[in-house]
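Chemist: Take a look at this one; I'll ask things after.
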Amino acid sequence: MSDVRIGLVGAGRIAQAAHLPALARAEGATLVAVCDASAALAAGVAARYGVPAYTSAEEMLARGDLDAVLVAVPDRLHLPVSAEALRAGKHVLVEKPLAGTPADAEELARLAADSGLVLQVGAMKRHDPGVAHAAEAIRTSIGRVTSASIWYRVMGALRPPIEATLFPALVVDQEVRRAEAAYKADRERYLLTTHGAHVLDGLRYLLGQPTDVTARMAAVGEDYTWHVLAGLRDGGLAHVEITAYVHAEYSEGADVYGERGHVRLRTHFPFTLLASDVEVHDEDAGRSTRPVFGDSNAYERQIEAFARSVRDGLPPNPDAADGLAAVRLIQAVAESVSRGGARVTT
């Protein structure tokens, strides 16, 4: 069957560093247009990929050869841009989180359901084969979970030089950067939303929807950390840490202990494009297994999964309901923090 023809809306850092290189390699999908409100970003990025540039999403959406849209604009714009695409009859792959607020996420989830179109949320770590293997092992191999630890610690000073090593040369509009910096000035809200979207979706993907959360936040200078205790549906507990930033190497992973075994997951800095390392211990068999994965680019794999959903009618992973649940969990953590660590039912 023919490729799914995708237009990009939002040609900033994450699009240039991850989505566009992945789309250029993905099977079953083709980039046909780039749109950004910044003429410099639209023209510069589109020229690199040999496709038309637009500064108006409405004009790009009017193209007859466009099947779907990849939305990589700031969180606060996810609802209006994705809604416009859905109303134009286009399938949508929207960066995480689904939207910037629970109200916006609820509206977007409703629009997606009413449209009958595919809406997939860009929680790309679900498409990391190591993470997917861990999730399956937790569901099928180790029994009910008693205890789990999940952590995500983003490096501080090391991050810029490592990203400079891994990223392609970026087209930059300094005016856009200055404007976006103003929106990120509320660091507590920004950091919890942007990083919590991955971590809390990961909690749900690995362990299911928690029954409740209690959370505390601390800040030392410009460094913030959230520690969350989540109740699990089978009676166990999970501890979740989100820290931005640590003055050390990147650190992300999970240890999950069940009635019959243990899953150990260690995730690399995402732009390395390596699969997570995973080890599954089966207590009854007295054996631990550690798979090795070759096809490991989670950004590419999520685009290929999106294309299959559009082309073959497969359910998107994650879908709008998952995206809404993750946004609500972010809000629950923020509420618990604001109430001094009170228990919030989820």
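Chemist: Pick from 56, 82, 38: which is touching a residue at least 40 places away in the same chain (Cβ under 8 Å) and among the polar types (S, T, N, Q)?
Modeler: Numbers: 56 fails: touching a residue at least 40 places away in the same chain (Cβ under 8 Å); 82 fails: touching a residue at least 40 places away in the same chain (Cβ under 8 Å).
Only one candidate passes the filter, namely 38.
Chemist: Here is a follow-up. How many residues does the range 6-21 hold that are over 15 Å from the mean Cα position of the chain (by Cα) and hydrophobic (A, V, I, L, M, F, W, C)?
Modeler: Residues in the range 6-21 being over 15 Å from the mean Cα position of the chain (by Cα) and hydrophobic (A, V, I, L, M, F, W, C): 5 in total.
Chemist: Could you tell me whether the range 109-131 includes any residue that is β-branched (Val, Ile, Thr), within 27 Å of residue 18 (Cα to Cα) and assigned to a helix (DSSP H, G or I)?
Modeler: Within the range 109-131 (the criterion being β-branched (Val, Ile, Thr), within 27 Å of residue 18 (Cα to Cα) and assigned to a helix (DSSP H, G or I)), the answer is yes, since at least one residue qualifies.
Chemist: Now for a different question. Here are some residues: 267, 225. Which one is out of contact with any Gly (no Cβ under 8 Å at 6 or more places or on another chain) and of a type in the set (Ser, Thr, Tyr)?
Modeler: After applying the criteria, what remains is 225.
Chemist: Residue 168 passes all but one of (1) more than 27 Å from residue 310 (Cβ to Cβ); (2) exposed (fewer than 15 other Cβ atoms within 10 Å of the Cβ); which number fails?
Modeler: (1)
Chemist: Kindly list, by first and then second residue, each pair from a residue in the range 88-111 that is within 14 Å of residue 194 (Cβ to Cβ) to a residue that is assigned to a loop (DSSP other than H, G, I, E, B), limited to pairs with Cβ atoms under 6 Å and residues at least 6 apart or on different chains.
Modeler: 95/72; 96/123
Chemist: May I pose another question? Among the numbered criteria (1) within 30 Å of residue 37 (Cβ to Cβ); (2) in contact (Cβ under 8 Å) with a residue 60 or more places away in the chain, which one does residue 164 miss?
Modeler: (2)
Chemist: Let me ask something additional. Report, by residue number, each residue of the range 215-254 that is open to solvent by less than 20 Å² (accessible area, probe 1.4 Å) and over 23 Å from the mean Cα position of the chain (by Cα).
Modeler: Hit for the range 215-254 is 236, nothing else.
Chemist: Would you confirm whether or not the range 282-301 contains a residue that is farther than 29 Å from residue 156 by Cα and surrounded by 17 or more Cβ atoms within 10 Å (Cβ to Cβ)?
Modeler: no
Chemist: Only one of 98, 79 is open to solvent by 10 Å² or more (accessible area, probe 1.4 Å), closer than 23 Å to residue 181 by Cα and not β-branched (Val, Ile, Thr). Can you tell me which?
Modeler: Working: 98 fails: open to solvent by 10 Å² or more (accessible area, probe 1.4 Å).
Step by step, each of 98, 79 is checked, and only 79 is open to solvent by 10 Å² or more (accessible area, probe 1.4 Å), closer than 23 Å to residue 181 by Cα and not β-branched (Val, Ile, Thr).
Chemist: Tell me whether the range 266-286 contains one or more residues that are touching a strand residue (DSSP E or B) at 6+ places or on another chain (Cβ under 7 Å), among the acidic types (Asp, Glu), under 16 Å from residue 331 (Cα atoms) and in a strand (DSSP E or B).
Modeler: Within the range 266-286, none of the residues are touching a strand residue (DSSP E or B) at 6+ places or on another chain (Cβ under 7 Å), among the acidic types (Asp, Glu), under 16 Å from residue 331 (Cα atoms) and in a strand (DSSP E or B).
The values are calculated or read from the model by the stated rules, or taken from the named source; none is laboratory data. Please read all numbers here as calculations on a predicted model, not as lab measurements. Because the Cβ atoms are built from the backbone with ideal geometry, glycine has one as well, and the counts that use them run over all protein chains shown. The accessibility values were calculated without ligands, DNA or RNA, using every heavy atom of the protein model including side chains. Shrake-Rupley method; radii C 1.70, N 1.55, O 1.52, S 1.80 Å.
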